[in-house]
């Protein structure tokens, strides 16, 4: 007997008494891209997509609200810069599996645990870029503002933060793109957005499900990066003028 006789897709003839029966076996289609899959499973895909985008936006916004005053404090009191960056760095280096294992006894399994982890991971990128932006401001600009009678808070809000915007926008872009990728890890605690589809596709070895979720993750990151870059250009017209000159 030939070993090839058992391969999928091979036609086999069985000869009976005066009759020939053709038996054909073939493996089910397993494409990398399938529009039929998208149409059939659009309810699941759209739910995972909304969950993914919502988690990303919430995590980056919360991380920014926390990172901004921390960076401003570290800038105003240089002795605190090391501890602030060190704490953010420690949170960033904790493996996601360990992070969720630590949080789950207190926050349970689901959205809250994933959100806290994402905020912690975004903190380092945001704090570092905000601090770099504040430190990169020309001292003469501060001296001129102080000469006009600006106090510390007014100086920060109307002079320093606007001038640090290019660096802040870069931090937001990096944190957002990173968060889009990290959301998928939330599948460990049952709330991973498009990661749920990836995990299901891996378990069933269905390529179209894995590829569809992957493409959507890339699309979210790409669109978010473009929107933030455009918003940054609109918010800093003086930076464009300076570059052109």
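The values are calculated or read from the model by the stated rules, or taken from the named source; none is laboratory data. Bear in mind the structure is a predicted one, so any value in this text is a computation, not a measurement. Methodologically, a virtual Cβ is constructed for each residue, glycine included, from the backbone with ideal geometry; neighbour enumeration extends over all protein chains shown.
Below is a table of values for the structure above.
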quantity	calculated
Candidates 137, 130, filtered to the one that is crowded, with 17+ Cβ neighbours inside 10 Å, assigned to a loop (DSSP other than H, G, I, E, B) and modelled with pLDDT of 85 or more	137
Out of 141, 137, 116, 130, sole residue that is over 20 Å from residue 182 (Cα atoms) and within 25 Å of the chain's Cα centre (by Cα)	130
Test: residue in the stretch 191-201 that is surrounded by fewer than 19 Cβ atoms within 10 Å (Cβ to Cβ) and either farther than 30 Å from residue 96 by Cα or under 12 Å from the mean Cα position of the chain (by Cα) (or both)	no
Helices (runs of 4 or more DSSP H) fully within the stretch 187-245 counting 3 or more residues that are touching a helix residue (DSSP H, G or I) at 6+ places or on another chain (Cβ under 6 Å) and either at pLDDT 95 or above or under 22 Å from residue 54 (Cα atoms) (or both)	194-204, 207-235
Matching residues in the stretch 72-123 - criterion: being within 30 Å of residue 159 (Cα to Cα) and in contact (Cβ under 8 Å) with a residue 60 or more places away in the chain	72, 75, 76, 119, 121, 122, 123
Neighbours by Cβ (under 9 Å, 6+ apart or cross-chain): first from the stretch 204-233, at positive phi and surrounded by fewer than 17 Cβ atoms within 10 Å (Cβ to Cβ); second modelled with pLDDT under 95 and assigned to a loop (DSSP other than H, G, I, E, B)	205/30
